[in-house]
Structures are given as structure tokens and as C-alpha cells.
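Values quoted throughout were computed directly from the atomic coordinates according to the rules given, and no laboratory measurement underlies them. Fair warning: this is a prediction, and the values are worked out from it, not measured in the lab. Note: ideal-geometry Cβ built from the backbone for every residue, glycine included; neighbour counts use all protein chains shown.
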């Protein structure tokens with residue numbers, strides 16, 4: 001890990017991307033509290049959150065493809081960040097006036113999410129030509145992201161306390177804009193020559209690779225339980241009579257993920273990623289099962305939430321290390337964006353599913369059913385990602 005951070009430019013890019021990505025770690029809980037504090041219900045809160053997440057799912061690959069085909073990273077990042085800021089502001093201002101306008105603003109904020117993650121991860125091969133060092137870089141990157149998911153919910157709780165739920169969304173948007181601009185002005189983000197497909201070939205899409213599609217299925221399904229936690233934690237906290245517990249539960253889940261990321265960076269696996277992703281996906285899905293115990297003591301449930309986060313960054317580091325081997329070189333940014341979008345799809349699905357189930361069945365039964373169903377989806381998705389099914393073409397042959 002020290003070798004990764006010792007490379008010139010890496011600490012700055014990690015730090016500024018951390019700030020720029022904070023809205024992604026804050027938005028789910030911030031939108032839930034925005035709606036609930038305005039008198040709305042869990043159904044609309046989960047729908048707004050899911051609309052934002054799905055917007056990011058659509059926008060990220062489109063913006064990343066523009067970067068791949070033009071090499072113009074800086075204008076894409078700054079323009080997207082400005083548009084996302086306007087979307088967040090619109091949601092905060094419209095929530096008490098018009099549900100439709102709020103959803104549209106949330107969609108804009110999601111669609112315009114700047115592709116900081118895919119751009120940053122596309123830089124790692126140039127920074128770290130050695131595959132083992134590059135895997136450690138992905139793990140460090142995941143650790144920084146998990147710090148955001150520890151800090152983000154706590155910042156949301158503090159922002160709501162200081163500014164109110166709507167003011168917190170505005171502050172969150174401003175922080176994200178500052179971070180994205182700071183990231184974009186680094187010399188490494190200047191315009192690069194696009195990598196073109198072989199002469200006579202169409203640009204195509206990374207989705208044309210069957211192993212990559214199978215990997216995306218794994219990512220979608222394992223993210224379902226992660227998305228559900230936003231709602232199950234809020235419902236558990238409300239049932240316990242302590243709404244602030246939701247922020248602590250999500251922060252502890254992020255803390256568990258941070259521990260997992262640091263361990264993965266310090267002790268990298270020797271096995272190739274294609275042999276690890278299925279095992280790690282099964283462990284991740286099973287790790288959320290204890291959070292189904294809605295009647296557990298508060299302290300124990302918080303421990304369950306923390307332990308559930310351990311495997312996520314370890315799995316994501318392997319997924320991002322495997323991705324370049326499954327797609328063409330000129331699809332680098334777009335492939336990373338599709339991984340991020342696949343996670344967003346699963347996250348949104350889990351959020352909607354948990355919100356609707358808990359809204360219909362109540363906290364105790366709803367948490368149990370939502371967690372069991374989401375974990376089952378994750379186990380099924382992990383099972384299909386066999387080593388042969390997600391192996392690079394040369395390995396599969």
C-alpha cells in the first residue's frame with residue numbers, strides 16, 4: 001500500500017476523487033431523509049433514491065464512452081459535475097412542492113454524475129504496469145472509496161443537523177463540485193489521445209464480451225443487498241425509536257468495508273481474479289443474512305451491519321482488476337463505467353425492493369423478507385460467475 005501512495009500524483013488524485021465522490025456516498029441517505037422530513041413516505045423516498053442511482057447507471061457509460069472516443073476528460077468531468085449540482089439543488093427545492101419535479105431533478109443529478117471512478121481506474125495501468133501492484137492500487141482505491149462511505153453518512157447526519165435535510169443536499173452538491181473540479185485540473189487529466197479500434201473495425205461496446213457480461217451479472221446481484229441496507233437500516237432505526245442509528249449503521253458498514261479494503265491491499269491474493277470473484281460474491285451475499293434479524297439488540301445489529309461490509313471492496317478490487325482482460329483496449333473507460341453502472345442497478349433494485357417490502361409488511365417482517373430475498377439474489381448471481389465463465393479469452397481457450 002505504501003508503494004502505491006508513494007507514486008507521484010496518486011495521493012492527490014485519490015484525495016480529490018474522494019471529495020468529488022462524496023455525493024455518491026451521501027445521496028441515498030440524504031434523499032431518504034429529505035423525503036421523510038418533508039412528510040413523504042418510504043415508498044417515495046426509495047423511488048427517488050433509485051431514480052438517482054439508475055440515472056447514474058445510464059449516464060456513467062455514456063460519459064465514459066465520450067472520454068474514450070475523444071480523450072477529452074477535463075470538459076466531461078467539469079461539465080457533468082456542474083449539471084449534477086443543479087440536479088441536487090432542484091431536488092432540494094422541489095421536494096415540498098412537486099414530487100414529479102423532485103424525481104426529474106434526482107434523475108438529472110444521477111445522469112450527470114461525473115465519471116471520476118472510471119477515469120481514475122483507467123489511469124492505474126499507466127501508473128502501475130506490474131499486475132500485482134495494479135491490483136494493490138485497485139484495493140487502495142477501494143479503501144478510499146469506503147472511507148467515503150464511512151464519512152458520507154456521518155456528514156449527512158451532521159449536515160441535516162446544521163442545515164436541515166434540504167440544506168444538507170445543497171451542501172453535499174457543493175462539496176462534490178469542488179472535488180470534481182480539483183480532480184479535473186490535475187495534469188494527468190489533461191486531454192489524451194483516444195485509443196482507436198483496429199482499422200476497419202467498429203468501435204463496438206464492451207458488452208459484446210460474454211465473460212464481461214457474466215461479470216456484470218455478478219456485480220448487479222451482489223449490489224442488491226448493499227442497496228437494501230439504506231432502507232433496512234432506516235426502518236430498524238425508526239423501529240428502535242432512534243432515527244440517527246441509520247447513519248451509524250451505514251457508516252459502520254462502510255467501516256467494515258474499509259477494513260476489508262486495507263487487508264486486501266496489505267495481503268493481496270495470489271490466485272487470479274477469475275478464480276476469486278465467485279467465492280467472494282458468495283461470501284458477500286451470505287454476510288448480509290444476519291441483518292435480517294430485525295429484533296436483534298441494537299448493538300448486535302450494528303455489528304452485523306459492520307461485518308456485512310467486509311467483503312465488498314475485496315470483491316470490487318478483483319472485479320476491476322479482471323475487467324481490462326475481458327474487453328478491448330479501446331473500451332477501457334466505458335468498461336469501468338459499466339461495472340459502476342451494474343453496481344448502481346443492483347443498488348437501486350435493492351433499495352426499491354426493500355422500500356416496497358417494508359412499506360407493505362412493516363419493519364419487523366419487512367426487514368426479514370427483504371434481506372432474505374436480496375441475499376438469495378446475490379447468491380444466485382455469484383454462483384453463475386464460474387472461473388471458466390469469467391476467464392480472459394486466452395485463459396478460456
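Brief remarks on what is shown
- Measuring between their Cα centroids, the range 261-333 and the range 48-113 lie 27 Å from each other.
- Rounded to 10°, Cα long-axis angle of helix 277-287 versus longest principal axis of the chain: 10 degrees
- MRE, 222 nm, helices only [DSSP H, n ≥ 4, -39500 (n - 2.57), over the chain, to nearest 500]: -26500 deg cm²/dmol
- The packing ranking, built from the mean of other Cβ atoms within 10 Å per residue, places the peptides 241-252, 122-133, 7-18 in the order 241-252, 7-18, 122-133, highest first.
- Largest-first principal axis extents of the Cα set of the range 270-397 (Å): 50, 28, 21
- For the Cα trace of the range 1-153, dividing Rg by the Kirkwood Rh returns an Rg/Rh value of 1.04.
- At q = 0.17, 0.22 Å⁻¹ the log10 of I(q)/I(0) for the range 297-370 amounts to -0.83, -1.03, computed by Debye summation with a single uniform scatterer per C-alpha, solvent ignored.
- Its residue count N fixes a reference of 2.2 N^0.38 Å for the range 170-309, and the Cα radius of gyration divided by that reference is 1.41.
- Computed over all pairs of different Cα atoms, the Kirkwood value for the hydrodynamic radius of the range 243-295 is 13.2 Å.
- Förster radius 35 Å - calculated FRET efficiency between residue 161 and residue 267, Cβ distance, rounded to 0.05: 0.35
- Length gained when the stretch residue 6-residue 98 is fully extended (0.36 nm per residue, less Cα-Cα span): 28.1 nm
- Ordering 49, 85, 365 by the number of other Cβ atoms within 10 Å of each residue's own Cβ, fewest first, gives 365, 85, 49.
- Measuring nothing but alpha carbons in the range 242-332 and taking Rh as the Kirkwood radius, the Rg to Rh ratio lands at 1.09.
- Using alpha-carbon coordinates, inclination of helix 10-20 to the longest axis of the chain, degrees: 40 degrees
- For the range 331-377, taking the reciprocal of the average inverse distance between every pair of different Cα atoms yields a Kirkwood hydrodynamic radius of 11.7 Å.
- Take the convex hull of the alpha carbons in the chain; its mean projected area over all directions comes to 17.7 nm².
- Debye log10 I(q)/I(0) for the range 100-161, one point scatterer per Cα, at q = 0.14, 0.26 Å⁻¹: -0.63, -1.05
- Folded to 0 to 90 degrees: helix 298-308 orientation relative to the chain principal axis, Cα: 10 degrees
- With contacts taken as Cα pairs under 8 Å and at least 6 residues apart, the chain reaches a relative contact order of 27 percent.
- Ascending count of other beta-carbon atoms within 10 Å, so fewest first, for 172, 26: 172, 26
- With Cα atoms as the point set, the range 1-65 shows a radius of gyration and Dmax of 16.7, 50 Å.
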